[in-house]
Amino acid sequence: MTREELLDKANSLPLAPGVYLMKNGERDVIYVGKAKRLKNRVSQYFQGGSGHNYKTHVMVGQVDDFDTIVVRSEFEALVLENALIKQYMPRYNILLKDSKGYPFVRLSSERYPRFSLINKKEKDNARYFGPFGGRYETRAALDAIAAALKLPTCSKRFPRDIGKERPCLNHHMGRCDAFCRGAPDDEEYRRRIEQAVLLLTGKLGDVVHALEKEMEEAAEQLQFERAAELRDRIRAIETLGKRQRVVAGACADTDVWGLYREAKCCYAVLHYEQGQLVYREASLFQAPANEEPPEMLAALLLQYYGGRNVLPREILLPFEIEDMDVFAQMLCEAAGYKVHVRCPQRGEKAELLDMALRNAREEAERVTTREERVDRTLELFARMAGLPQVPERMEAYDISNTGSSDIVASMTVFQGARPAKSQYRHFRIKELEGHPDDYRSMQEVLRRRLQRYADGDEKFSPLPDVFLIDGGAAHAEAAQAVIAGEFHLQTPILGMVKDGRHRTRALVTPEGREIGIQQNPAVFAMVGRIQEETHRFAITFHRQSHAKGVRRSALDQIPGVGEVRRQALLKHFGSVKAIREATEEQLRSVVPRNTAQAVYQHFHQEEESAHG
């Protein structure tokens, strides 16, 4: 379908809540979204001048058709959107990294029921719990519960295998009560299974309380072995809640979220029970480029909690998300009790959010290579600056002068984000007369650089993917007059703007459009490094040129001192001052007698004239 046909179809939609599914030419679902009013939301995608971000612009360019599902409320739209994202895994939606989704724990309905991990619920007589976190963590939790309650984890099936073989190693290690012997019986087995269910649903205190009561009754009846066994089981269960414990008295039954995005996207959730940190979960996820953090977080929350029936009573978020009240309503209906979703700005809970962010950042950086960080920074830089492609070669220019003469310029080269120092070049300004003029100086440098390229000079090949000019819009405009006006190149040009303290502040186009980069630390740091390196190279060359000019002005006035003898004197004595203070005999050790005499007389005649 054409863009006009898609817009006509969107304009025919009702002003009702619902879900829309964008499809490409192969009829694959590439994006799923929800809307309060389908007509308004979907039509925005196909209207000209909508100001879409990069991700939306690329996605819309692939849309060939779309379907919609009308529902009764925003709440139903939210729930349906989550279900469809998990079903289709669209490439332009934010997706959790594990494409298999979060596992459920299944408890079979047989006489001796067993726990197992599955990907989705089935319509059978079994009981289901979850979904929980990753498969590894969920399996580890089941094993810990089985060990604490001394339930079997072997492949034997009861009552079929009762009495057929001797108890396995788990029994001898004290990890299983060997139900394969027939004692304890099936009634005791089911009782422990129910205790395991309570542990799975977070009711550790209820289990401990019931076992303590049972232990006291056994002691009163002088069943000390039974009481000791129950005591050991209580201790084992209590250890389940003592792993990686951190005191945080402000929270109770709380999930604390951290979200981090640079080269890789990562979220971290800190799970608190009764004010204590019992578990940290951190995982990577897939997100299209240029996605806004609130949109990322909303999608993650929906996929993470959608379909769960065991939920925290409080969820702390680093910032607000769209339709937060609808999301909270969905959680309350799923849990059967009030679930509070909050964004604390100060106090102990805000400090917990900082800790969650640090966990997300550290996990992302742990699995991110340096190359991935650089690639991600360049990609963000290209998108923020509106470049047609990620730059492989960047050239930056700066002017340094101390007056109308002695003006120099630097050209630094960056392959990706790394300086290519062997390709640096410097220039002395030749054409300028009168007062210093940074704009004309920059134009001369660029004109000479591009002409060298046009003449086939390999030292100035290839051309960069972007020119970075030290200065503001006027500097960028002056550069454009040469690059585009004289050489008819379409290479992007950006000025690097500094603040009042000489620190990088922003980028600017020749038309004066300012591009803020401070909101992205990686891009901000990269541009700052480029600007500082270019300025350093210009200043170093300027100082060297100025010092060389001073030395030449002092020695060039002496007859018989040419370039070779000048270099010999400077190499031996180190400075003009040392040459001035040398004796004639010392000078003769470096240059011929007549030259040494001329040098000595030149400086000492100056001194005699000064004293005369």
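The residue that is farthest from GLU444 (Cα to Cα), among those in segment 458-471 that are at pLDDT below 90 and surrounded by fewer than 17 Cβ atoms within 10 Å (Cβ to Cβ), is GLU458. Look at (1) under 16 Å from GLU291 (Cβ atoms); (2) part of a helix (DSSP H, G or I); (3) modelled with pLDDT of 90 or more and you find that VAL32 fails only one, number (2).
Among the residues of segment 307-318, just one is touching a helix residue (DSSP H, G or I) at 6+ places or on another chain (Cβ under 6 Å) and more than 19 Å from ASP253 (Cβ to Cβ), namely PRO318. Counting the residues of segment 448-465 that are of a type in the set (D, E, K, R), part of a loop (DSSP other than H, G, I, E, B) and within 17 Å of PHE414 (Cα to Cα) gives 1.
Yes or no, residue by residue, for (1) within 20 Å of GLN605 (Cβ to Cβ); (2) in contact with an Asp or Glu (Cβ under 9 Å, 6 or more places away or on another chain):
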site	(1), (2)
GLN557	yes, no
GLY574	no, no
ARG580	yes, yes
THR583	yes, no
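One residue stands out among those in segment 61-94 that are open to solvent by 60 Å² or more (accessible area, probe 1.4 Å) and in contact with a Pro (Cβ under 9 Å, 6 or more places away or on another chain): the one that is nearest to ALA10 (Cα to Cα), which is VAL70.
Can you find even one residue in segment 255-277 that is at pLDDT 80 or above, among the polar types (S, T, N, Q) and assigned to a strand (DSSP E or B)? Explain how you work it out, then say what you get.
Taking segment 255-277 first, the residues at pLDDT 80 or above are 255-261, 265-272.
Those still in the list that are among the polar types (S, T, N, Q) too: none.
The answer is no, given that none of the residues of segment 255-277 is at pLDDT 80 or above, among the polar types (S, T, N, Q) and assigned to a strand (DSSP E or B).
Among the residues making up segment 128-142, a single one is surrounded by fewer than 16 Cβ atoms within 10 Å (Cβ to Cβ) and either touching a Ser or Thr at 6+ places or on another chain (Cβ under 6 Å) or modelled with pLDDT of 80 or more (or both): TYR128. Residues in segment 284-294: is at least one touching a Lys or Arg at 6+ places or on another chain (Cβ under 8 Å), outside any loop (DSSP other than H, G, I, E, B), open to solvent by 40 Å² or more (accessible area, probe 1.4 Å) and at pLDDT 85 or above? Looking through segment 284-294, at least one residue is touching a Lys or Arg at 6+ places or on another chain (Cβ under 8 Å), outside any loop (DSSP other than H, G, I, E, B), open to solvent by 40 Å² or more (accessible area, probe 1.4 Å) and at pLDDT 85 or above. Apart from one condition, ALA218 fits all of (1) crowded, with 16+ Cβ neighbours inside 10 Å; (2) under 21 Å from ALA144 (Cβ atoms); the exception is (2).
Contact map, segment 483-500: first residue over 14 Å from ASP398 (Cα atoms), second residue open to solvent by 30 Å² or more (accessible area, probe 1.4 Å) and in a strand (DSSP E or B), Cβ cut-off under 7 Å, separation 6 or more or different chains; pairs are ASP499/ARG505. So ALA146 ticks every box in (1) out of contact with any Pro (no Cβ under 8 Å at 6 or more places or on another chain); (2) modelled with pLDDT under 85; (3) assigned to a helix (DSSP H, G or I) but one. Which box is left unticked? Result: ALA146 passes all but (1).
Looking only at residues in segment 185-204 that are out of contact with any Asp or Glu (no Cβ under 6 Å at 6 or more places or on another chain) and without any contact (Cβ under 8 Å) to a residue 24 or more places away in the chain, the one that is most open to solvent (accessible area, probe 1.4 Å) is GLU187.
Applying the criterion of being assigned to a loop (DSSP other than H, G, I, E, B) and modelled with pLDDT under 80 to the residues of segment 158-178, the residue that is nearest to TYR112 (Cα to Cα) is ARG175.
Taken together, GLU477, GLU444 contain a single residue that is part of a helix (DSSP H, G or I) and out of contact with any Pro (no Cβ under 6 Å at 6 or more places or on another chain), which is GLU444.
The values are calculated or read from the model by the stated rules, or taken from the named source; none is laboratory data. These numbers were taken from a predicted model, which means no experiment stands behind them. So basically every Cβ, Gly included, is an ideal-geometry build from the backbone, and we count neighbours across all protein chains shown. Accessible surface areas use protein heavy atoms only, side chains included; no ligands, DNA or RNA. Shrake-Rupley method; radii C 1.70, N 1.55, O 1.52, S 1.80 Å.
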